[in-house]
Each structure stands twice: as C-alpha cells, then as structure tokens.
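Trainee: The structure follows.
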Amino acid sequence: MANAIQLIKYIGNQWGARALGPIARSWSPYSHLLIARDYAGWTLDVEAKALIGLCRRLGIKTAPGAWASVSHKQAVFHVDQFVLLNPPDWGAHRVAIAYYHGIPGSGVPEFDQVFENLRKHHSRITRIQVSHRAMQDVVLGSGIEPGKVHVIPIGFDKAWFHPPDGGRRSAIRSRLGFPKNARIVGSFQKDGVGWGEGFEAKLIKGPDVFVKAMIQVHRRVPDLHVLLTGPARGYVKRSLEAAGIPYRHVLLRTYRQTAEMYHALDAYLVSSRQEGGPKAVLESMATAVPLVSTRVGQAADLVAHGENGCLVDVDDVEGLAYWTEKVLTDESLRSVLQAGGLKSAEAHCYTSQLPLWREFLWPLVAMR
C-alpha cells in the first residue's frame, strides 16, 4: 500500500511539472527551492517535509523536485546522496545534497561509487548537509571546499516527540499486550536486507549485535521484553524467538505513530556499525527514554556518556548489555539520563535548527 501511494505521488508530481512547466519557466532566477524527495513516509521523506516547513518560516518558496526538469536557474535539494550514483543534468540549477551515510571502503560498492562521483561534481555542488562530524570528515576527504559542507543533525518535531502524559505510558503498554512488570527495550529500524521478511541481516545496522546483547540482558533481567517496529525485521524476530525472549513487532502506518511507541519503552538500543542518524538518538531523548548506543553517526556527537545517554564502541556486545541492564534497573541513572536527554533534544529540534538552515540555504535561493 505504501509503495502504491508513493508511486501515485511521484506520478502526480511528474504530471504537475509537465502541465505547469510554463509557470515554472517564468520564475525569477533562484526564487524557488526544488526539494527532491521519495514520498516513502520514513526518514528521508520526513526530513524533506520538515525542510519544507522550515523554508516557509524562512520565507523561501519551495516546489517538488520533479519541477527541476521544466524550470531554469533554480535551487535543487536532494535529500538522498545516492542521487550521485547516476547524477542528473542539473543544467543551470544550484545544487545541494544531504550526505548522511555511506563510508567508502566499507565493502558496499554503492558507497564507493557515490563518493567517487562526489569528487567529480565538486564544482556543481553549492552545499552539502551532513548529519555528524564523522561524515563531515568523509565528505571533506573528497577534496571539496570546506565552506560548502555543513553539519546539521537529523532533527525531530517536538510537537510529536515528547514525554508521555499522565497514564499514557501504562495505556500504550497494555494496548500492546505487555505485562505490567515488563522491562521493555525498543528497536525501531529496518535491519534486514530487502523489503520482504528480512531474514538476511543487514549487518551495517548491527542486528546480530542487538540480539546478542538482548540475550545477555535477558539472563540478568528475566522480565525483559523487546518492542520492534519497522519493515524487514525477520532476522531479529527469529533470533529472539530462538533465545526465548518475548517481543512485539508493530508495523506502523505512518512515521508519526513512532512517537507513541517510545512512550511504551524503558530503554532504546542502537547497535549499528554505521549510521547517518539515527533519528532515534534525538527521538528517544525527546520522549524521556534512556538511550544506549554504539559510537556511530550523530550519537557520537550528541551523546555524553552518563549524562544524556550511554555510549559504547561498535561491536561491544558486553558494553551494550551492561549499560542496558543498568538503565533498566538503576533509577538514579535513569533520572539523570532522562533529564540530560530532554535538554539535549530541545537544542536540536527542527525549530532550534532554524539558524543552521538559514546559513545553509542563503547562497542557494532567495529569502524574503
């Protein structure tokens, strides 16, 4: 169903671009930001929609990315760096790209190709958004002019993500079928290969590490339960079943529903080996859910160990298990992490990022 909606929206924008081409060609130079998005409803599309809202506040006119083919001398923002796998003819447009993840030399051919094409298109790119300092170093390693690369973390909407009110936490846990004494750890991502059942692990996301850590925690915290969302979770589900760890997997209709899933949690665990975000770093902080994460992506930038979350090295199963157990059983630690997390989240919500986006966008497009 989601793919069908995505296709309808894509076709609609292509048709609209052709039908309204004469209007687009009459625009003043660099008066519009054309945002190329995937309409899938998840991370990249959420970021694109958030950018549209921020542009409205900055006085920037926006239009769908499909209009790039029928307009002249505008600004184009690609929310996915994989456009560089086969770069389009940008003509006289100014170009910006979000480059969130994909470290060359990781054994993923697409990462290497994207990086190589980045090298070839330095002169055509006006701005690159990276979500954390490690990726900033990668992009700068291509030789691009440093002033073009800006660190803006993947943010969140604080109107959606906030601590649960009143008895909401108990109500959601009951609705999901968890027992009252359950200690619930969350994992909300896609960590299987492809879009089917996902029985083959997408190792860059660390599902094998997640399961090993949960097995260790379960030995010491018998009332452990796991809450999963996201597609292609077959590897994790099958592994948890084999280990006798109870879990619930919820397939959400919209990204916004993720917020209430956090309200059921006692902890959130990131076990990835590489990340562009993940969005869960700030989402969990904003919803007062203690975070335990490997030192990846923007977690490495935003988490101060023991103050607003817990950090361990990549592949450190024992560390993930130890700090997850501490978060589940040590109320004083939980209180410290919750308070610190809420403060950190406030500093990085979309509204707080407005000055960063103003600095990023000013050479691309006119602002009122």
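The values are calculated or read from the model by the stated rules, or taken from the named source; none is laboratory data. Keep in mind it's a predicted model, so treat the numbers as computed, not measured. Using ideal geometry, Cβ is built from the backbone for each residue, glycine included, and neighbour counts are taken over all protein chains shown. SASA here: full protein model, heavy atoms, side chains in, ligands and nucleic acids out. Shrake-Rupley method; radii C 1.70, N 1.55, O 1.52, S 1.80 Å.
Trainee: Might you let me know whether segment 260-276 holds any residue that is in contact (Cβ under 8 Å) with a residue 60 or more places away in the chain, within 18 Å of the chain's Cα centre (by Cα), more than 21 Å from Met214 (Cβ to Cβ) and assigned to a helix (DSSP H, G or I)?
Mentor: yes
Trainee: Residues being without any contact (Cβ under 8 Å) to a residue 24 or more places away in the chain and either of a type in the set (A, V, I, L, M, F, W, C) or in contact with a strand residue (DSSP E or B) (Cβ under 6 Å, 6 or more places away or on another chain) (or both): count how many of those fall in segment 168-194.
Mentor: So the count comes out to 1.
Trainee: How about segment 48-72: which of its residues are in a loop (DSSP other than H, G, I, E, B), without any contact (Cβ under 8 Å) to a residue 60 or more places away in the chain and among the β-branched types (Val, Ile, Thr)?
Mentor: Matches in segment 48-72: Val70 only.
Trainee: Which ones in segment 327-368 are closer than 19 Å to Val226 by Cα and surrounded by 18 or more Cβ atoms within 10 Å (Cβ to Cβ)?
Mentor: Answer for segment 327-368, where residues must be closer than 19 Å to Val226 by Cα and surrounded by 18 or more Cβ atoms within 10 Å (Cβ to Cβ): Val327, Leu328, Arg334.
Trainee: Can you report the number of residues in segment 73-111 which are among the hydrophobic types (A, V, I, L, M, F, W, C), open to solvent by less than 20 Å² (accessible area, probe 1.4 Å) and assigned to a loop (DSSP other than H, G, I, E, B)? If you could, list the steps in order and put the result at the bottom.
Mentor: Of all residues in segment 73-111, those among the hydrophobic types (A, V, I, L, M, F, W, C) come to 75-77, 79, 82-85, 90, 92, 95-98, 103, 108, 111.
Filter again for open to solvent by less than 20 Å² (accessible area, probe 1.4 Å), leaving 75-77, 79, 84, 90, 95-98, 111.
With the extra rule that they be assigned to a loop (DSSP other than H, G, I, E, B), the set shrinks to 79, 90.
Count: 2.
Trainee: Could we say that Arg295 is in contact with a Gly (Cβ under 9 Å, 6 or more places away or on another chain) and open to solvent by 60 Å² or more (accessible area, probe 1.4 Å) here?
Mentor: no
Trainee: Run down Val236, Val289, Val221, Val303 and say which single residue is touching a helix residue (DSSP H, G or I) at 6+ places or on another chain (Cβ under 8 Å) and over 22 Å from Leu337 (Cα atoms).
Mentor: Val236 is the lone residue from the list that is touching a helix residue (DSSP H, G or I) at 6+ places or on another chain (Cβ under 8 Å) and over 22 Å from Leu337 (Cα atoms).
Trainee: Kindly provide the set of residues from segment 112-136 that are within 22 Å of Glu47 (Cα to Cα) and open to solvent by 70 Å² or more (accessible area, probe 1.4 Å), ordered by number.
Mentor: Within segment 112-136, Arg133 is the sole residue that qualifies.
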